[in-house]
Amino acid sequence: MKKEMIFNKSNLTKDQAAAFTNAAARFKSDISLYHNNKKVNAKSLMGVLAVSLSLRRGDEIMLTADGGDAAKALSELGAFFI
């Protein structure tokens, strides 16, 4: 499953990135974050922090999830970016 969205915040702080990865870790699904043709594991704080450095308001991002709780993961995790 995938969820495409527009990043509507001015930035993603390290605390927000940590909260996002902690939330992602609660799910059994494999979850990835895509931005500017880069793919990172959504459960990796270092990966999400690397993406957060280049995120700007209005950027297109995509979350993908593969597993039994994929729909719930995408619904909950998407809220971090809008």
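Here are some notes:
- Reach of residue 9 by Cα under 25 Å, taken over lysines that are not fewer than 8 positions away in the same chain: 38, 39, 43, 72
- Degrees, to the nearest 10: 14-25 long Cα axis against longest axis of the chain: 10 degrees
- Candidates 29, 44, 54, ranked by Gaussian network fluctuation over the chain, Cα under 10 Å, top entry: 54
- Note: relative contact order over the chain, using C-alpha pairs below 8 Å and six or more positions apart, is 47 percent.
- Among the listed options [x] 12.2; [y] 13.7; [z] 12.7, the one matching Kirkwood radius over Cα pairs in Å as calculated from these coordinates is [x].
- Calculated mean residue ellipticity, 222 nm, the chain: -10500 deg cm²/dmol, from DSSP H runs (n ≥ 4) at -39500 (n - 2.57) each, averaged per residue and rounded to 500.
- Between residue 1 and residue 25, the simple label model (points 7 Å from Cα in the Cβ direction) yields a spacing of 2.3 nm.
- Residue exposure proxy: 53, 33, ordered by other Cβ atoms within 10 angstrom of their Cβ from fewest to most, comes out as 53, 33.
Here, each number is a calculation from the coordinates, and none is a lab measurement. The structure displayed is predicted, hence computed values, not measured ones. As a convention, Cβ positions derive from the backbone with ideal geometry for all residues, glycine included, and neighbour counts pool all protein chains shown.
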